[in-house]
Amino acid sequence: MMNEERTRAIELSQQARVLMAADKMDQAKTLLEQAVAADPSCPEVYDHFGAWHMAKGEFAEARGQFKKALLLDKNRGATYFDLGNAYLMLGELENCIESYNRALTSGYDTAGMQYYMALAYEQMGNFDLVLRHLNRAITKDPADPNFKVKRAHVLIQMHRYDEALAQAEDLVLSCPELYDGYHIRTNLLQMQGDYEKALESAQDAMSRFPNDVGLCLDEVRCIALCGHLEEADNRLTEAAQMAYFEEERPRFYQLKAELKAQAGDLTGAIEAARACRGADGNQPSDVVLLLMELLSATEQYEELLKTADEIYEQDRNDLCYRAAIFFRAAAMEKLGRQEEAQQYYRDAITLYRTMTLEDPALSDVYLYRAMAHRALGEYDKALEMTNFLITLDPTQPEPYDVQKLIYEAMGDQDKAQEAQKMANTLKDPEKEDKK
């Protein structure tokens, strides 16, 4: 039987949790402090105090509170789980996994526990273990769609597209009221080049969620991929009038830029790309990449150099940063600053080589590195990069596009035409077969 001090401490801490749920954080903290004063040896109080700090985003302080609870009672599985969550938010991943495993050893094994273990392993880059723990989470709670949504995204990251598509189909069937399954299914079908089925998927989604602007944009992209650019542009205009448009504004302008570019309106595409900014004022990486490509295509080399330099100085280590390394050299070359351009190309090759040593799977880096070697007249090295990418995945047209440019620079028109034909076949096999 608990003594009065312990009963009072638990009562106060539980009342504090009720106040926390009502977003009355200051009043909750007052009760928690009273609970500690009532019984400083009560582990439940520190559990609740840790939860208070977690809610405030004070993860180091939360970690300290959970540790106090465990010093008083080391068999608290739920507390080990909470401690693991604090470590996860602090980026202390090894300690996080250790705490989760201690929770399991203590008998705390829930769907949420398995899900958060998956999140930790995702940050560590171990996707096999991510998938294992997501599967366990789904087994423990098959009714929770969030686990299935996450599993689909992880399978996409692992390039296991058929399994991801099967997971998306399962989401559509088991959770038809959830838009995620339709969105994932549509985008996977686009990635696989099955544009007609992707459009069917998008239209199915719109029949269920006619006012969802995000799904409408999915449909617009599918219409464009099917070659109906005017219809896509009209549908895009309709999307701008839908509720919650502001939430999708960056994606709207990105799609508008892509449609304008496909239609040959490069000036309009540049305007749309420049208008594409998120709530934080920044442009998405793939939009910045598109903008640099458009500036290059329209020969706006001063603006291209300025844009590439801005990205380069940010040291973002993302797709547009890797592109900016090449485009700043290319802009220099086009502006007639040959000596500086040559040095920029050499610097780019050094940076790209470092990147691929750290992550050999960065295919875009090999492409930019090949183009830098081509610019320096190092054709054998350029072909070595593209040949590696073709060996890695012979279904991608981009390496052949770059090979065409390399062979043209070498004066070998026959091989340039052969590379161009391969690229065209991969982009549109039916069109190429008709030639």
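The values are calculated or read from the model by the stated rules, or taken from the named source; none is laboratory data. Predicted, not measured: the structure shown is a model, and the values here were computed from it. Don't worry about glycine lacking a Cβ; one is built from the backbone with ideal geometry, like all the others, and counts go over all protein chains shown.
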Query raised in the report: Is it the case that residue 143 is over 27 Å from the mean Cα position of the chain (by Cα), surrounded by fewer than 20 Cβ atoms within 10 Å (Cβ to Cβ), free of Cβ contacts under 8 Å to residues at least 60 places away in the same chain and at negative phi?
Result: no
**Report entry** Selection within segment 18-63 - basic (Lys, Arg) and either buried (at least 18 other Cβ atoms within 10 Å of the Cβ) or at pLDDT below 95 (or both)
**Finding:** 63
Query raised in the report: Can you name every residue in segment 222-251 that is charged (D, E, K, R), over 17 Å from residue 275 (Cβ atoms) and in contact with a helix residue (DSSP H, G or I) (Cβ under 6 Å, 6 or more places away or on another chain)?
Result: 231, 235
Query raised in the report: Could you say whether any residue in segment 352-360 is in the same structural domain as residue 410 (by TED's automatic domain parsing), among the aliphatic types (A, V, I, L, M), modelled with pLDDT under 95 and outside any helix (DSSP H, G or I)?
Result: no
Query - Leading residue by the ranking (surrounded by the most Cβ atoms within 10 Å (Cβ to Cβ)) among those in segment 90-140 that are basic (Lys, Arg) and within 26 Å of the chain's Cα centre (by Cα) - result: 136
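Among the residues of segment 24-77, write down those that are of a type in the set (Lys, Arg) and under 22 Å from residue 98 (Cα atoms). Steps first, please.
Start the filter on segment 24-77 by keeping residues that are of a type in the set (Lys, Arg), which leaves 24, 29, 56, 63, 67-68, 74, 76.
Passing the criteria: 63, 67, 68, 74, 76.
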Report task. Sort out which residues of segment 111-125 are over 17 Å from residue 89 (Cα atoms) and at pLDDT below 95, and write them in order of number. Result -> none
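In the set 263, 273, which member is more than 22 Å from the chain's Cα centre (by Cα) and of a type in the set (Gly, Ala, Ser)?
Details: 273 fails: more than 22 Å from the chain's Cα centre (by Cα).
Every option except 263 fails the conditions.
What residue, of 347, 309, is within 20 Å of residue 381 (Cβ to Cβ) and either more than 19 Å from the chain's Cα centre (by Cα) or surrounded by fewer than 16 Cβ atoms within 10 Å (Cβ to Cβ) (or both)?
Working: 309 fails: within 20 Å of residue 381 (Cβ to Cβ).
Just one listed residue meets the conditions, 347.
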Report summary line: Expected output for segment 172-198 (first residue under 16 Å from residue 220 (Cβ atoms), partner crowded, with 17+ Cβ neighbours inside 10 Å and of a type in the set (Ser, Thr, Tyr), Cβ below 7 Å, 6+ apart or cross-chain) is 182/201; 186/201; 189/201; 198/186
Query raised in the report: Name the residues in segment 241-263 that are under 19 Å from residue 183 (Cα atoms) and either in a loop (DSSP other than H, G, I, E, B) or hydroxyl-bearing (Ser, Thr, Tyr) (or both), would you?
Result: 242, 243, 244, 253
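Just to be sure before I move on: is residue 79 among the hydroxyl-bearing types (Ser, Thr, Tyr) and surrounded by fewer than 16 Cβ atoms within 10 Å (Cβ to Cβ) in the structure I sent? Give the steps one after another, and end with the answer.
Details: among the hydroxyl-bearing types (Ser, Thr, Tyr): yes; surrounded by fewer than 16 Cβ atoms within 10 Å (Cβ to Cβ): no.
Answer is no for this residue.
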Requested in this report: Among residues belonging to segment 205-218 that are touching a residue at least 24 places away in the same chain (Cβ under 8 Å) and part of a helix (DSSP H, G or I), point out the one that is farthest from residue 255 (Cα to Cα).
Outcome: 208
Query raised in the report: Which condition does residue 281 not pass, out of (1) assigned by TED's automatic domain parsing to the domain that holds residue 265; (2) more than 26 Å from residue 263 (Cβ to Cβ); (3) surrounded by 16 or more Cβ atoms within 10 Å (Cβ to Cβ), if it passes all the others?
Result: (3)
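For residue 361, indicate whether it is buried (at least 16 other Cβ atoms within 10 Å of the Cβ) and out of contact with any strand residue (DSSP E or B) (no Cβ under 8 Å at 6 or more places or on another chain).
no
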**Report entry** Qualifying residues in segment 382-418 (those that are more than 21 Å from residue 355 (Cβ to Cβ) and small (Gly, Ala, Ser)) - the one surrounded by the most Cβ atoms within 10 Å (Cβ to Cβ)
**Finding:** 416
Report summary line: A careful count of residues in segment 372-414 that are of a type outside the set (Val, Ile, Thr) and either in contact (Cβ under 8 Å) with a residue 60 or more places away in the chain or not in a helix (DSSP H, G or I) (or both) gives 9
Query raised in the report: If you go through segment 254-273 one residue at a time, how many are in contact with an Asp or Glu (Cβ under 8 Å, 6 or more places away or on another chain) and of a type in the set (S, T, N, Q)?
Result: 1
Query - Residue within segment 277-290 that is without any contact (Cβ under 8 Å) to a residue 24 or more places away in the chain and touching a Gly at 6+ places or on another chain (Cβ under 6 Å) present - result: no
Query raised in the report: In segment 31-74, how many are over 18 Å from residue 84 (Cβ atoms) and either in contact with a strand residue (DSSP E or B) (Cβ under 6 Å, 6 or more places away or on another chain) or free of Cβ contacts under 8 Å to residues at least 12 places away in the same chain (or both)?
Result: 3
